[in-house]
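Novice: Sharing a structure here in structure tokens format.
We did not get these values from a lab; they are worked out from the coordinates using the rules stated. Not measured: the values here are computed from a predicted model. Note: ideal-geometry Cβ built from the backbone for every residue, glycine included; neighbour counts use all protein chains shown.
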Amino acid sequence: MSMIQPVRGTHDLIGEGQKKHAHVVDTARRITSLYGFDEWQTPVFEDTGVFARTLGDTSDIVSKEMYTFTDRGGDSLTLRPEGTAGICRALITNGLTQTLPQRVFYTGPMFRYERPQKGRYRQFHQIGSELIGPSEPMADAEIIRMGYDILIALGLEKDVELELNTLGDPESRQIWRDRLVAYFTPLRDRLSEDSRTRLEKNPLRILDSKAPEDRELLADAPDFASCLNETSRAFWDDLRRSLDAFGVPFRENPMIVRGLDYYSHTAFEFVTTRLGAQGTVLAGGRYEGLIAEMGGPKTPAVGWGAGIERLSMLLENFTHAERTVAIIPTSDTMQGAAVDMLSHLRGAGIRCEMAYRGNMKKRLERANKSGAVRALILGEEEFARGVIRLKNLENGSQTDLSADSIIAQLVQEAAGTSA
């Protein structure tokens, strides 16, 4: 019988990989909380319309990548391919559109059927944020700064660069759309098959195309900057001034686009050169039509998402800070005292464990292999005198102390590690 393997495009989070994953999530939770964001959890599957209506039937996600199925009740359901649509659906169905602003942080698995490669999986995980309600450029700058602070806290600020673009307001985008149609229509036969469809339904998506034949034509495509009206130019200027005020360095990149009609003004990506073709690690933009498209009132919002797997891959020098204490009873008669010590240490917030079998030598060997930094050796003679031996597994030194003194010392060491 052949060994059962994980489904293609999925991976197990175990050991160091899980620790890196948790570190990214914990760091994001801490930073977003400082900005006043609350965590929301939405279902991993939604009515298919939540994504098909909002992402657009010409998007690659809807047309090629969604995991959609019919359940036993005959309903069409889809595993979420991204987080924003579910957050906006939750905003509406929980009656929160009249209680703005809403500052939302989310994390969890997403699902897309695409070719697995470095940093890209069919079940992947994201952290993300949505600032719903404010329409000012300062809000965009603040949420970008929040993402930058997460990258700084992960030690990645030297590995990434912020690329920034404007998508303008709907009026400016319509002018640009018309010019793109006029430019690409005579070149239709030179476009890829997908971009011929995009030309009919959403020509802005052509600018996102990775097909070589499309990329050749983009150099001479109409420049969006010439299509910006006064309102859009003012927003763009205010955004760049606000980012300067928040101390966020950026580079303008006119090729960053969001092809969906509800996106407007800000589009940005934090990119790296360390992951090959999968260089985007955190990206987002402003959207003003999505909540209305889902049946709510017209509501401005700005947000971003980041791939946890890609961020974890950048944590090359990551070291896990958890310190484990091993409890080692020297005889069966000391098992009860060892269990009591486990309870006291865990009650004090100390990570600890005890091997259930073997002599003291074997247990010390297991403690060293497990990565424990301290060992408490409970011997009958020492315990009768009211002391326990504390062994430093990092340098081999040991001393006899009372149980209370040992707990106080370990708590102090743990506090020093986390400080």
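Novice: Going by average Cβ neighbours within 10 Å, how do the peptides 66-72, 224-230 rank, with the highest at the top? Write out the running numbers ahead of the final one.
Specialist: On the way: 66-72: 12.4, 224-230: 15.7.
Result, highest mean first: 224-230, 66-72.
Novice: What percentages, rounded to whole numbers, describe P(r) for region 213-313 computed over all alpha carbon pairs with 10 Å bin width beginning at zero?
Specialist: All Cα pairs, binned at 10 Å, distribute as 12, 36, 38, 14, 0 percent.
Novice: On to the next question. Tell me, what HN-Hα J-couplings in whole Hz come from the Karplus equation 6.51 cos²θ - 1.76 cosθ + 1.60 at θ = phi - 60° for each residue of region 65-77, using x for Gly and Pro?
Specialist: Going residue by residue, I get 10, 6, 8, 10, 8, 9, 7, 5, x, x, 8, 8, 10 Hz, with x marking Gly and Pro.
Novice: Provide the per-residue ³J(HN,Hα) series for region 299-312, in order, calculated from phi with Karplus coefficients 6.51, -1.76, 1.60 and θ = phi - 60°, each as a whole number of Hz, with x at glycine and proline positions.
Specialist: Running phi through 6.51 cos²θ - 1.76 cosθ + 1.60 with θ = phi - 60° gives 9, x, 7, 9, x, 8, x, 9, x, 5, 4, 5, 4, 4 Hz.
Novice: Stretch ASN359-SER226 to full length: gain in nm at 0.36 nm per residue minus the Cα-Cα span?
Specialist: Working: separation 133, 0.36 × 133 = 47.88 nm, distance 7.89 nm.
40.0 nm is the gain from fully extending ASN359 to SER226.
Novice: Residues with beta-carbon under 12 Å from that of THR68, excluding THR68: net charge, scoring Lys, Arg +1 and Asp, Glu -1? Can you show the working numbers first?
Specialist: On the way: positive: LYS64, ARG80, ARG112; negative: GLU46, ASP47, GLU65, ASP71, ASP75.
Net charge around THR68: -2.
Novice: Right, next: In whole Å and largest first, what semi-axes does the C-alpha gyration tensor of region 154-201 yield when each eigenvalue is scaled by 5 and square-rooted?
Specialist: They are 32, 17, 8 Å, listed from largest to smallest.
Novice: Using the per-residue mean of other Cβ atoms lying within 10 Å as a proxy for protection, in what order, highest first, do the peptides 280-292, 200-212 fall?
Specialist: On the way: 280-292: 22.8, 200-212: 16.8.
Those peptides, ordered most packed to least, come out 280-292, 200-212.
Novice: Over 18 Å between C-alpha atoms is what I'm after, so list which of LYS362/LYS391; LYS118/LYS158; LYS19/LYS361 land there.
Specialist: Details: LYS362/LYS391 15 Å; LYS118/LYS158 21 Å; LYS19/LYS361 29 Å.
In this structure, LYS118/LYS158; LYS19/LYS361 lie more than 18 Å apart at Cα.
Novice: Translational diffusion coefficient of region 303-372 at 25 °C, 0.890 mPa s, Stokes-Einstein with Kirkwood Rh over Cα pairs, in µm²/s as a whole number. Intermediate values should be presented prior to the final figure.
Specialist: Working: Rh = 14.7 Å.
Roughly 167 µm²/s, to the nearest whole number.
Novice: Let me ask something additional. Classify region 61-114 as rounded, prolate or oblate from the Cα gyration tensor: take a ≥ b ≥ c as the square roots of its eigenvalues, call it rounded if a/c is under 1.5, otherwise prolate when a/b beats b/c and oblate if not.
Specialist: It is oblate, given that a/c is not under 1.5 and a/b is not larger than b/c.
Novice: Could the peptides 184-196, 81-93 be put in order, highest first, of the mean number of other beta-carbon atoms found within 10 Å of their residues?
Specialist: 81-93, 184-196
Novice: With the calculation restricted to Cα positions, what are the radius of gyration and Dmax of region 325-418 in angstrom?
Specialist: Cα only, region 325-418: 12.1, 36 Å (Rg, Dmax).
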